Amino acid sequence: MTMKWVTRSHVHVDRVACPWLISRFVDSQAEFIFVPKIRVMEVAKEQAAIPFDVPDVELGHHGDGCSFDAIIKKYDLRDPALLRLAKIVNAADTNQLDQDPIAAGLEAVASGFSIRFPNDHENLQHQFAVYDSLYAWCRLQTARTAR
């Protein structure tokens, strides 16, 4: 059974990173629904969808953590490369660009993709390759530091 996941429309860093993470490590058949912020909880109930990256949900921002962090915690993902990627996503998503040297670049890429592909599903389709590549880089970095 395909699970449905719902979040706010007009995706940016966390709302692209989370669907990538979910699709790659949690639910390979995930279906994503994007709606205005005020409709997320209503659609979650109507569609039996899991809400993410909205206030007051389990898979949202908590303390210093972004939704990507919440998903990693909920699903007990321990891959060191994913944990490295989480630092980048968190810094870019929470506007703490000085916390990671890659964060400003990810923020810039996310902004550019939003301009080029305003349709959320099309945006995801194109940006998943960015996250696949960034994850590959994180794998290389964590392998080097593990030596």
Share, in percent, of DSSP beta bridges within the stretch 1-108 that are antiparallel, nearest 5: 10 percent
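Around Val43, what is the net charge, scoring Lys/Arg as +1 and Asp/Glu as -1 over all other residues with Cβ under 13 Å from its Cβ?
Working: positive: Lys4, Arg8, Lys37, Arg39, Lys45; negative: Glu31, Glu42, Glu46.
Spelling it out: positives minus negatives among the neighbours equals +2.
Could you compute the net charge surrounding Ser28? Neighbours are other residues with a C-beta less than 15 Å from the C-beta of Ser28; K and R count +1, D and E count -1. Provide the component values of the computation, followed by the final result.
Working: positive: Lys4, Arg24; negative: Asp27, Glu31, Asp132.
The answer is -1.
Could you check how much of the accessible area of the stretch 52-128 is carbon and sulfur, as a whole percent, using a 1.4 Å probe?
Working: 2100 of 4060 Å².
Reported share for carbon and sulfur atoms: 52 percent.
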The stretch 86-98 - phi-based ³J(HN,Hα) in whole Hz, Karplus 6.51/-1.76/1.60, Gly and Pro as x: 4, 5, 5, 4, 4, 4, 5, 6, 9, 6, 10, 4, 6
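Find the Cα radius of gyration of the stretch 21-147, compare it with 2.2 N^0.38 Å by division, and give the number to two decimals.
After normalising by residue count via 2.2 N^0.38 Å, the value is 1.09.
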Sites Ser28 and Tyr75, calculated FRET efficiency, Cβ-Cβ separation with R0 22 Å, nearest 0.05: 0.95
Reciprocal of mean inverse Cα separation for the stretch 70-131 (Kirkwood radius, Å): 12.6 Å
On Cα atoms only, tilt of 103-116 relative to the major axis of the chain in degrees: 40 degrees
Surface accessible to a 1.4 Å probe, Met3 within the full protein complex, Å²: 60 Å²
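The values are calculated or read from the model by the stated rules, or taken from the named source; none is laboratory data. Since we're looking at a predicted model, the values are computed, not measured. Neighbour counts run over all protein chains shown; Cβ positions are idealised from the backbone, glycine included. In case anyone asks, the SASA skips ligands and DNA or RNA and just uses the protein heavy atoms, side chains included. Shrake-Rupley method; radii C 1.70, N 1.55, O 1.52, S 1.80 Å.
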